[in-house]
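**Student:** Let me give you the structure first, and then I'll get to my questions.
The values are calculated or read from the model by the stated rules, or taken from the named source; none is laboratory data. In this text the structure is predicted, and so the values were computed from the model without any measurement. Cβ placement follows ideal geometry from the backbone for every residue including glycine, while neighbour counts extend to all protein chains displayed. Accessible surface areas use protein heavy atoms only, side chains included; no ligands, DNA or RNA. Shrake-Rupley method; radii C 1.70, N 1.55, O 1.52, S 1.80 Å.
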Amino acid sequence: MDNIVEGKTGRRGKRLKAMIPDIRLRYATLEGAYTIADIGSVAIHAWSGTERGDLLHCYEISAESLAELKRLITERQPEGIRDFCPYCGIGAPRQFDHYLPKEKFPEFSVHAHNLMPCCGTCNGKKSDLWIDASGARIFLNFYIDSLPTAPMLKPSIQWAVKNGKRVPAVTFDLVRPARFPVAKFGLIESHFEKLALLSRYKNQAHTEFLILRDAAIAREARTSIALKRFLSRFLQRREATLGPHNWRISLYRAIVVDDPFLRECLKP
C-alpha cells in the first residue's frame, strides 16, 4: 500500500497519504481478525465517498507495485496447484478475488491477505458476497479454513451408448465425513452451493475421463492387473500434486476401479 500510494499524484495522492494512519489501523484490524473464528466479524468502516473512490483506485488502476504484489501472491501458492482456481479446482486463476469484497472494504483492496487467485467463473459467482443475513460466512477462505482429512466428494458413474460408443455420465455428491463437525461442514456445503460446484464438476468430468482414458490406452496394458497397477501409481502422483480433496482425484478414484473402463483401455 505504501508503494502504491507513493505512486499516486495530485490531489488523490495527497488524500491517500493523509489516510495512511487510518489505513494502518484497519490493516491491524484485519490481521488481528484473520482467524477462522473472527474473519467473518470484521466491521465495515465508514469511509466517505471520496475516500472510498481513492482506495479503490489503488487496485483498479494498474501500477507496477500492484503487479508485483500479485506476482508474489501467485508464486507463494504451491507449484502443483497454482494453475487451478482454489475455489473450484477447475479453471485457471487469471483473476483475483477480494475475500472481503472491495466494494465494502476498499481499504483492503491491495492487502495480500484479502487477495485470492481465482478463475473468472468463481469471481463472478462470488461477486461481493461473503456472509449471510445472520453474519455467517458462506465461502471458504483457503488461507485459513481447514478441510476434512477424509474424502468428501462421492462420484457416481453410469455408462450409456452414444453414436455407437460407450460413454460415462458422472454425477457428484458432497458427503460429510464421519466425525467432521456439522457446523464446519455447513460452510463447505454453502461454498459448493453458491459456486455451483457439483454441476460444474459434472460438466467437466467427461474431459477428465478422456484424459485418463488416453493415458491408460497409451500404456498398452494387456491385463486388468497391470493396468490397475499403472493407474494406481498415476493416481498417487496426481494426488501428491493436487491434494486428496481435488475433484479430479475423487473422479480418478472412481474410474480406476471401474471394470467397464478398465476393459475399454486394455490392449487387444
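**Student:** Quickly run through segment 66-104 and pick out the residues that are hydroxyl-bearing (Ser, Thr, Tyr) and part of a helix (DSSP H, G or I).
**Tutor:** Scanning segment 66-104 gives a single hit, THR74.
**Student:** Anything in segment 145-176 that is touching an Asp or Glu at 6+ places or on another chain (Cβ under 9 Å), of a type outside the set (A, V, I, L, M), farther than 30 Å from VAL42 by Cα and buried (at least 16 other Cβ atoms within 10 Å of the Cβ)? List them, or say none.
**Tutor:** The answer is PRO155, PRO168.
**Student:** Sort out which residues of segment 83-96 are surrounded by 15 or more Cβ atoms within 10 Å (Cβ to Cβ) and of a type outside the set (Gly, Ala, Ser), and write them in order of number.
**Tutor:** PHE84, CYS85, PRO86, TYR87, CYS88, ILE90, PRO93, GLN95, PHE96
**Student:** Hey, TYR99 hits all of (1) touching a Pro at 6+ places or on another chain (Cβ under 9 Å); (2) open to solvent by less than 40 Å² (accessible area, probe 1.4 Å) but one; which does it fall short on?
**Tutor:** The failed condition is (1).
**Student:** Does PHE142 meet the test of being among the aromatic types (Phe, Trp, Tyr), open to solvent by 40 Å² or more (accessible area, probe 1.4 Å) and more than 20 Å from GLU31 (Cβ to Cβ)?
**Tutor:** No, not satisfied.
**Student:** Let me ask something else. Filter segment 183-240 for residues that are part of a helix (DSSP H, G or I) and among the β-branched types (Val, Ile, Thr); which is farthest from the chain's Cα centre (by Cα)?
**Tutor:** ILE225
**Student:** Enumerate the pairs (first residue in segment 219-230 and of a type in the set (Asp, Glu); second residue anywhere and open to solvent by 70 Å² or more (accessible area, probe 1.4 Å)) with beta-carbon separation below 8 Å, excluding pairs fewer than 6 apart on the same chain, so at least 6 apart or on different chains.
**Tutor:** GLU220/LYS267
**Student:** Now a separate question. Which of the residues spanning segment 177-191 are open to solvent by 60 Å² or more (accessible area, probe 1.4 Å) and closer than 16 Å to ILE39 by Cβ?
**Tutor:** ALA183, LYS184
**Student:** Taking segment 218-229 only, how many residues are closer than 11 Å to LEU262 by Cβ and out of contact with any Leu (no Cβ under 8 Å at 6 or more places or on another chain)?
**Tutor:** 2
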